[in-house]
Amino acid sequence: PNPEYDWLDEAFQHLLATEIAAGGRLRVVSGEVAHRVRQELDIQPRGPLGTPAARPLGDLAGADLFLMGTSMVQGEWPTGETRLDLTLQEARQGEPLIVTAVSGPFANLLDLADEAGEQLREALGLPA
């Protein structure tokens, strides 16, 4: 991982929170709450969690669903590629509702967030 791109995960968190919350049917837990809960439970925000970790995470955050993911960059700005791997998971049973990946030119981060948001809304049965 290149520390120069550490900001990318946080940027995607904010962009995807906006995408998911669009339409007002879902409430997105603040980044501060999510960070605090992950610290309390010593959970790294990478990939799907098993039921033993998923249930307490949902209980402490007051969430029924949560989104975990990673971003990767290959190459340099603006010609490099970005990949975003996401898992939308049910907190009670720990079941993944969708596991997806989107990728594209590094210069098109907003398009990647739009595409990922569309896939997540579709998996939740929300309007596009």
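Quick notes on this structure:
- Residues within region 33-61 that are open to solvent by less than 50 Å² (accessible area, probe 1.4 Å) and in a loop (DSSP other than H, G, I, E, B), tallied: 5
- For region 14-26, a tally of residues being open to solvent by less than 100 Å² (accessible area, probe 1.4 Å) and either part of a loop (DSSP other than H, G, I, E, B) or of a type outside the set (V, I, T) (or both) returns 9.
- Condition met for T79 (without any contact (Cβ under 8 Å) to a residue 40 or more places away in the chain, hydroxyl-bearing (S, T, Y) and at negative phi): yes
- Test: residue in region 17-37 that is more than 14 Å from F66 (Cα to Cα) and touching a strand residue (DSSP E or B) at 6+ places or on another chain (Cβ under 9 Å): no
- Checked against the criterion of being at pLDDT 90 or above and over 21 Å from P3 (Cβ atoms), the candidates V33, V28, V99, V37 yield just one match: V99.
- Failed criterion for E81 (all others in (1) out of contact with any strand residue (DSSP E or B) (no Cβ under 6 Å at 6 or more places or on another chain); (2) surrounded by fewer than 16 Cβ atoms within 10 Å (Cβ to Cβ); (3) not aromatic (F, W, Y) hold): (1)
- Residues of region 108-128 that are aliphatic (A, V, I, L, M) and farther than 17 Å from L65 by Cβ: L109, L110, L112, A113, A128.
The values are calculated or read from the model by the stated rules, or taken from the named source; none is laboratory data. Note that the structure is a prediction, hence the values are computed from the model and not measured. As a convention, Cβ positions derive from the backbone with ideal geometry for all residues, glycine included, and neighbour counts pool all protein chains shown. Note: areas computed on protein heavy atoms with side chains; ligands, DNA, RNA excluded. Shrake-Rupley method; radii C 1.70, N 1.55, O 1.52, S 1.80 Å.
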